[in-house]
Amino acid sequence: MAAKLPPFSYCQPVSQPLTWPPMASVASAANERLKKMVFEAQGITVFAGKVFGRAFAPPFYWRDLYEQIHFLGLGSVYLCVFTGVFAGQAMALQFSKEMAEFGAKDYMGRIVTLANVRALGPVLTGLMVAARVSSGIAAEIGAMKASNQLDALASFGTDPIKKLAVPRLWALFLMMPILTILTDTIAIIGGWIVSHFIVHVSDSLFWTNVKQRLLFGNLLVGLTKPFVFGVIIAIVGCYKGFSSEGGTRGVGQATREAVVISSISILVAEFMMTKGLFSLLGW
Amino acid sequence: MIKLENVYLSLGGRPILKKISFSVAKGETKVILGPSGSGKSSILKIILGLWRPDSGRVFIDGRDMAGASAEEWDEARYHIGMIFQEGALFDSLTVGENVGYWLFEHTKMLEEEIEVRVRRALEEVGLDPELVDLMPDELSGGMRRRVAIARALASLEPKIMLYDEPTTGLDPLAVDTILDQITSLQKRMQVTSLVVTHDIADALKVSNRFIMVADGEIIFEGSSEELREAGHPFVSRFLEPFKNTLAHAFASFGQENG
C-alpha cells in the first residue's frame, strides 16, 4: 500500500507541483498539537502528585536511592566539569571586549560570578543533566514497561512508582544543587583563566570581586533553582517512561520527548523562579 | 478458587472484554485459548488485580475483590504466581536476585537463608543452581521462563498459578520442558492453574478444560472432546490449521488420561 503523503511534503513527486497546505489543515494540526500539550501537562501533573504522595512514606528503597545517586548524580560530574569550564570561559570572553570598551574590565569577577551563580550555572547544569538523565530514565522505565517488568513488580507487591520513581526523584533533588555548585565553581575558575591570561585582570581584584558577589541573595537565587530543576528532570523522565506505549518505537519516542519537555520546563521555570525570587528579595 | 462474573473491560474507549464469566475450581487447570488480541492476557491481569474491570465481579478463593484495597490485593497476590510472556525477569538483577526478589524486598530473612531457597527453587525447575550469578540476558528463552517459574515458587506460597503464553517463541524441546514443569507443579502442589495460549497442541498437553475467547467474548467452554465437536464457526476456523497435529494430540491426550 503506497504511503499517504502529508499535506505538505518535501518528497512530492516531480509530476505534481508544490502546493502550500490549506490553512484549515495547518490550523487543525496546530489544534491537535495544542491539545496534546495540554493532555501531556495534565498527565505529568497527576503523575507528579502520585510520586510526591509516595515520597515521604515507607518503605524507603535506600539501596535504589544510593544506586541512583551514583548513576544520575556522580555520573554527571564530568558533564558539569566540561560545561562549567567552557561556558565560564566563553562567557568571560564574550563580556571582556565590551567591558574593556567601557573601562570596566576590573569588574570581570563580579560579572562572571553573578551570571554563573544566578542563572547560567543552574540552567546549563539543568539542561545538560536533563539531556543525559531524563532520556536514560525514560528509556529504562519504558523498556521495563514494554517487557512487562512493571507488571511483574506489581505482582510481587512492589509499587512500581515507589520503587522506580521515588529514588530517582530524591537522587536528583539531592544531587542537582551539588552539581550546580560544581558547575558554578568550575565556571568561575574558567572565567578567571580568561581574566588572567587574556584580559590581564589582576588576580586579587578578580577574586575580591567574586567574594563580594557571593551574597546571600545571589546564592538563594542560584541554589533554589537546582532543587526544582532536579524534580522536573525526575518527574518528566519517569512520566515518559511509565506512559510509553508501542514497544521499542514508543520507548524511543518517549526518550526524545523526555529531553524536550524537561529542557523547555527548565527554561520556563528559570524565568518564573527568577522573577519570583527577585520579588521576594525586593530587587 | 477463581471466579469471574460478567466482567467488562475497556481501555481508551475500546472494549477489551465483554461479559466474561467462568470459574476454575481448586486444583484444576484450565486453558484460555484464542487468537492474538482477543483479550486473553487481560483476563489474567484482572485476576491478578493489575487492571480493574469496568463492571463485574472477581472472586479469588471465595473472596469478592471488587472493592479490595491495595493492601488486600497485596495479601491476595501472596498466593498468586504469574509467569508473564517471556518471563519478565528484572534485567538489572542477577538470576539469584530475581528468584529471591520477593524474599529480599518483603521479608527479614538472612541472605544465607534466601540463597538456600533460591537454589532449591532453581533445582525444582531443573536448572543448575550455579546459574545464580548470571544476568537474564545470558539465558536462553526457555531458561528465562523456568527462572520465572522458580521466582514464583521461591517467593510465594502459590495456590494459584497464571501462565501468559508460557511457550511462545520457544523451540519444541524447550516447549516440552515448560509444559512438563506446569503439569509437574500442578500434580505436586495441587495449584489452581490458568494457562493462556494460542497453541491448541500445547494446550492439550496441560489440560482437558478449555475456554475459547474471541473478540473479548467467551465463545466456548468445555472439554477437549466438546471442543473438537463444537459447531461454532470461529472454533472450527481456529482449529483448522492444527487439523493434522490435532488428531494425534487428541489421541495422545485420550491415552494419557484413559
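Across segment A:170-198, what is the number of residues that are closer than 30 Å to A:Asp64 by Cβ and buried (at least 23 other Cβ atoms within 10 Å of the Cβ)? Walk me through how you get there before you give the answer.
Taking segment A:170-198 as the starting set, the residues that turn out to be closer than 30 Å to A:Asp64 by Cβ are A:170-186.
Keeping just the survivors that are buried (at least 23 other Cβ atoms within 10 Å of the Cβ) gives A:171-172, A:175-176, A:179-180, A:183-184.
Qualifying residue count, segment A:170-198: 8.
Closer than 30 Å to B:Arg77 by Cα, at pLDDT below 90 and over 23 Å from the mean Cα position of the chain (by Cα): which single residue out of A:Gly157, A:Gly103 fits that description? Please lay out each step first, then the result.
Details: A:Gly103 fails: closer than 30 Å to B:Arg77 by Cα.
A:Gly157 is the lone residue from the list that is closer than 30 Å to B:Arg77 by Cα, at pLDDT below 90 and over 23 Å from the mean Cα position of the chain (by Cα).
Counting just the residues of segment B:148-204 that are of a type in the set (Lys, Arg) and outside any loop (DSSP other than H, G, I, E, B), which one comes out farthest from B:Leu103 (Cα to Cα)? Reasoning before the result, please.
Of the residues in segment B:148-204, the ones of a type in the set (Lys, Arg) are B:151, B:159, B:187-188.
Keeping just the survivors that are outside any loop (DSSP other than H, G, I, E, B) gives B:151, B:187-188.
On the way: B:Arg151: 10, B:Lys187: 25, B:Arg188: 22 Å.
Among them, the one singled out is B:Lys187.
Tell me whether segment A:254-271 contains one or more residues that are in a helix (DSSP H, G or I) and over 24 Å from A:Ala48 (Cβ atoms). It would help to see each step written out before you state the result.
Here is the first cut: in segment A:254-271, the residues in a helix (DSSP H, G or I) are A:254-271.
Those left that are additionally over 24 Å from A:Ala48 (Cβ atoms): none.
No - not one qualifying residue is present in segment A:254-271.
Restricting attention to segment B:130-147, does a residue exist that is in a loop (DSSP other than H, G, I, E, B) and within 20 Å of the chain's Cα centre (by Cα)?
Taking every residue of segment B:130-147 in turn, at least one turns out to be in a loop (DSSP other than H, G, I, E, B) and within 20 Å of the chain's Cα centre (by Cα).
Every residue in segment B:60-105 that is among the charged types (D, E, K, R), under 29 Å from B:Glu28 (Cβ atoms) and facing chain A (nearest Cβ under 8 Å), please.
Going through segment B:60-105, the residues among the charged types (D, E, K, R) turn out to be B:61, B:63-64, B:71-72, B:74-75, B:77, B:86, B:91, B:97, B:105.
This time we only want the ones that are under 29 Å from B:Glu28 (Cβ atoms), so: B:61, B:63-64, B:71-72, B:74-75, B:77, B:86.
Across segment B:60-105, the qualifying residues are B:Asp74, B:Arg77, B:Glu86.
Quick check: anything in segment B:38-46 at pLDDT below 90 and part of a loop (DSSP other than H, G, I, E, B)?
Looking for residues that are at pLDDT below 90 and part of a loop (DSSP other than H, G, I, E, B), one finds at least one in segment B:38-46, hence yes.
Just checking, which of A:Ala154, A:Ala171 is within 13 Å of chain B (Cβ to nearest Cβ) and in a helix (DSSP H, G or I)?
Details: A:Ala171 fails: within 13 Å of chain B (Cβ to nearest Cβ).
Selected residue: A:Ala154, the only one of A:Ala154, A:Ala171 that is within 13 Å of chain B (Cβ to nearest Cβ) and in a helix (DSSP H, G or I).
Out of the residues in segment B:116-129 that are in a helix (DSSP H, G or I) and more than 26 Å from A:Met144 (Cβ to Cβ), state the one that is modelled with the lowest pLDDT. Show your work before the answer.
Pass one, segment B:116-129, residues in a helix (DSSP H, G or I): B:116-124, B:129.
Retained after the next criterion (residues that are more than 26 Å from A:Met144 (Cβ to Cβ)): B:116, B:119-120, B:123-124, B:129.
Details: B:Val116: 93, B:Arg119: 94, B:Arg120: 91, B:Glu123: 91, B:Glu124: 87, B:Pro129: 92.
Filtering segment B:116-129 for residues that are in a helix (DSSP H, G or I) and more than 26 Å from A:Met144 (Cβ to Cβ), the one modelled with the lowest pLDDT comes out as B:Glu124.
Condition (residue is touching a Gly at 6+ places or on another chain (Cβ under 8 Å), more than 9 Å from chain A (Cβ to nearest Cβ), buried (at least 17 other Cβ atoms within 10 Å of the Cβ) and farther than 29 Å from B:Gly169 by Cβ) applied to segment B:123-139: is it met by at least one residue?
no
Test B:Ile43 against the stated conditions and say whether it is within 12 Å of another protein chain (Cβ to nearest Cβ), under 24 Å from B:Thr197 (Cβ atoms) and not polar (S, T, N, Q).
Numbers: within 12 Å of another protein chain (Cβ to nearest Cβ): no; under 24 Å from B:Thr197 (Cβ atoms): yes; not polar (S, T, N, Q): yes.
So B:Ile43 fails the test.
Hey, A:Val201 hits all of (1) surrounded by 19 or more Cβ atoms within 10 Å (Cβ to Cβ); (2) outside any loop (DSSP other than H, G, I, E, B) but one; which does it fall short on?
It fails just one condition, (2).
For the condition surrounded by 17 or more Cβ atoms within 10 Å (Cβ to Cβ) and either over 19 Å from the mean Cα position of the chain (by Cα) or over 30 Å from A:Thr158 (Cα atoms) (or both), what is the one hit in A:Leu72, A:Leu114? It would help to see each step written out before you state the result.
On the way: A:Leu72 fails: either over 19 Å from the mean Cα position of the chain (by Cα) or over 30 Å from A:Thr158 (Cα atoms) (or both).
Every option except A:Leu114 fails the conditions.
The values are calculated or read from the model by the stated rules, or taken from the named source; none is laboratory data. Keep in mind that what you see is a predicted model, and the values were worked out from it rather than measured. For neighbour counting, all protein chains shown are included, and Cβ atoms are generated from backbone atoms with ideal geometry for every residue, glycine included.
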